[in-house]
Amino acid sequence: MPSRAGASASVRVASACAGQYCPRPFPPFSGVKAVSILANRLSAVKPSPTIAATTKAAELKAKGLDVIGLGAGEPDFDTPDHIKEAAKLAIDRGETKYTPTAGTPALRKAIVDKFKRENGLDYKIEQVTVGVGGKQVIFNAFLATVQEGDEVIVPAPYWVSYPDIVLMFGGKPVFVPCGENSRFKLSAEGLEQAITPKTKWLVLNSPNNPTGAAYTESELRALADVLLKHPHVWIMTDDIYEHLNYDGFKFTTIAQIEPKLLDRTLTLNGVSKAFAMTGWRMGYACGPVELIKAMNMVQSQSASHPTSITQAATVAALNGPLDFLKPRNEAFKRRRDLAVKMLNEAKGITCQTPEGAFYVYPSCAGAIGKTTPKGRKLATDTDFVEALLDEALVAAVQGSAFGLSPYFRISYATSDAALTEACKRIQKFCDDLR
Ligand code: GLU
């Protein structure tokens with residue numbers, strides 16, 4: 001029993017050194033192979049594929065390769081000046097200390113006001129939770145609620161982190177394939193069929209990562225009608241791409257469509273995408289008090305709160321003007337149209353025009369089974385994306401990461417010139433397949 005011997009040895013050392021610096025070799029060398037320190041709950045979880053793709057493209061670029069990165073889900077625009085200025089002023093005012101776990105009073109008020117003004121949702125200050133990015137808010141919600149065997153309905157394609165966080169807490173992601181025929185959206189029938197007595201949550205994400213698909217009012221109405229029949233199902237709606245939609249699309253969120261769902265909906269948002277603040281790390285949500293209290297309790301035992309500076313910046317973002325968005329959304333729309341057109345011209349690729357976000361999700365079905373000039377056989381979308389990076393120097397993310405193959409995700413949040421060049425390379429790559 002090496003662990004027992006090790007434990008008692010370390011207790012002895014610790015008490016002998018109590019109160020003073022006591023160097024201890026780590027890990028202790030016993031000649032016996034150590035038992036893994038890792039918890040079982042990690043066995044079903046993998047590193048985030050979107051982060052991995054972004055990191056890999058950055059590494060290749062740093063090595064001097066002329067890689068065009070269409071992998072990262074991050075706006076190429078800068079954080080607006082008035083937001084940066086608010087952060088600087090907060091530092092100068094000395095706002096560099098702990099804040100309440102749920103966020104500063106000014107931030108919580110700004111969040112409540114945002115939901116009222118933009119979404120017609122009435123929340124109270126005690127219904128607010130904030131996290132270090134939207135991802136942490138999701139993490140806190142699932143940690144606080146998901147137990148062994150609980151089912152979480154995740155329409156596929158989905159953003160990579162939903163299922164893995166569910167798995168981390170012993171839950172079971174229940175995937176509902178939402179193909180091109182349904183414009184990558186969950187139908188009322190699909191939802192009805194997926195619900196069981198074990199269903200705890202439905203995850204909605206509109207506009208969606210990775211497809212850009214956004215739900216219309218009537219589509220949300222149809223889902224709400226199903227949910228009204230199943231009062232045990234909670235709804236997590238991730239609205240982080242709310243402001244990024246095109247062609248006059250009207251964004252709505254489910255609790256706005258059906259107020260009877262308000263007492264079992266977590267409405268989640270963040271500043272990363274619309275305000276180009278990915279690195280600041282700020283996500284927020286409102287929901288029923290019992291849930292929010294639990295999430296804030298979890299938060300108090302982990303990060304405590306997002307940084308005080310980011311909170312001040314977020315107050316400026318939420319309370320400030322949104323006019324900077326218009327030219328940015330015009331640029332995104334132009335790039336979306338450019339990417340869709342050029343990708344549809346590529347041999348074996350078909351691409352729908354989505355309503356929002358800054359992604360397109362083309363099918364590469366016509367390239368599967370073919371061989372690249374370097375002799376690679378493309379059996380899956382992962383092969384396609386790997387060969388595209390290696391042979392055409394374009395970074396994208398494979399559809400298998402998002403639960404629907406054979407597709408790949410392209411983030412068009414990059415300059416028109418880089419996007420055009422990348423699409424030309426994709427066309428040539430597809431042309432050269434045999
Ligand atoms: N949400 C972005 C993406 O999908 C950022 C990376 C991540 O957190 O997954 O690329």
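Nothing in this text is a laboratory measurement; each read-out follows from the coordinates by a stated rule. Every value quoted in this text rests on a predicted model; they were computed, and no experiment measured them. Glycine also receives a Cβ, built like all others from the backbone with ideal geometry; neighbour counts cover every protein chain displayed.
Using the Cα atoms as the points, what is the convex hull volume per residue of segment 176-230 in Å³? Present the calculation step by step, with values, prior to reporting the outcome.
Details: hull volume 4.4 nm³, N = 55.
Taking only Cα atoms, segment 176-230 has a hull volume of 81 Å³ per residue.
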Sort the following peptides by mean Cβ neighbour count (other Cβ atoms within 10 Å, averaged over residues), highest first: 176-185, 338-347. 338-347, 176-185
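Given a Förster distance of 35 Å, report the FRET efficiency between Arg221 and Ile125 from their Cβ-Cβ distance, rounded to the nearest 0.05.
0.75
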Given backbone amide H placed at 1.01 Å from N, residues whose amide H is under 5 Å from that of Val397, ignoring those fewer than 5 places away on the same chain, are Arg409
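Work through the residues other than Ala222 whose Cβ is under 14 Å from its Cβ and net out their charges, Lys, Arg +1 and Asp, Glu -1.
Details: positive: Arg183, Lys185, Arg221, Lys229; negative: Glu189, Glu192, Glu217, Glu219, Asp225, Glu258.
Here the count lands on -2.
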Expected-Rg normalisation [2.2 N^0.38 Å, Cα atoms] applied to segment 210-351: 1.26
Coordinate range along principal axes, alpha carbons of segment 167-275, Å, largest first: 39, 29, 29
Rounded to one decimal in Å, the inverse mean reciprocal Cα-Cα distance for segment 133-207, i.e. its Kirkwood radius, is 12.6 Å
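Determine the gain in length on full extension of the stretch Leu89-Glu386; use 0.36 nm per residue of separation and subtract their C-alpha separation, reporting nm with one decimal. Intermediate results must be reported in sequence, preceding the final value.
Values: separation 297, 0.36 × 297 = 106.92 nm, distance 4.51 nm.
The span from Leu89 to Glu386 would gain 102.4 nm if fully extended.
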Quick one: Debye curve from the alpha-carbon atoms of segment 264-412 only, equal weights, vacuum; give me log10 I(q)/I(0) at q = 0.12, 0.14, 0.16, 0.17 Å⁻¹ to two decimals. -0.73, -0.87, -0.97, -1.01
Among Thr129, Asn40, Thr79, whose Cα sits farthest toward the positive end of the charge dipole of segment 31-129 (+1 at Cβ of Lys/Arg, -1 at Cβ of Asp/Glu, about the Cα centre)? Asn40
For the chain, take every pair of Cα atoms, bin their distances at 10 Å starting from 0, and report each bin as a whole percent. 4, 20, 27, 24, 15, 7, 2, 0
Using the crude model of +1 on Lys and Arg Cβ and -1 on Asp and Glu Cβ, and no other charge, please compute the dipole size for segment 161-228 relative to its Cα centre, in debye to 20. 220 debye
For labels at Lys341 and Lys46 in the simple 7 Å Cα→Cβ model, what's the distance in nm? 3.6 nm
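Roughly how many debye, to the nearest 20, is the charge dipole of segment 38-147 about its Cα centre, given +1 on each Lys and Arg Cβ, -1 on each Asp and Glu Cβ, and no other charges?
Details: 16 positive and 13 negative charges, 84 e Å.
About 400 debye.
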Semi-axes a, b, c in Å (a largest) for segment 345-434, each sqrt of 5 times a Cα gyration tensor eigenvalue, come to 20, 15, 11
Peptides 116-127, 391-402: what's the order by average Cβ count within 10 Å, highest mean first? 391-402, 116-127
Would you mind working out the magnitude of the charge dipole of the chain relative to its Cα centre, with +1 at each Lys and Arg C-beta and -1 at each Asp and Glu C-beta, to the nearest 20 Debye? 1100 debye
Restricting to DSSP H runs of at least four residues, report the calculated mean residue ellipticity at 222 nm for the chain, -39500 (n - 2.57) per run over all residues, nearest 500 deg cm²/dmol. -12500 deg cm²/dmol
Which order do the peptides 94-105, 132-143 take when ranked by the mean count of other beta-carbon atoms within 10 Å per residue, highest first? 132-143, 94-105
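If neighbour count is taken as other Cβ atoms inside 10 Å, put Leu60, Leu419, Leu89 in order from fewest to most. Numbers along the way, then the final one.
Working: Leu60 17, Leu419 23, Leu89 14.
With the sparsest Cβ surroundings first, the list reads Leu89, Leu60, Leu419.
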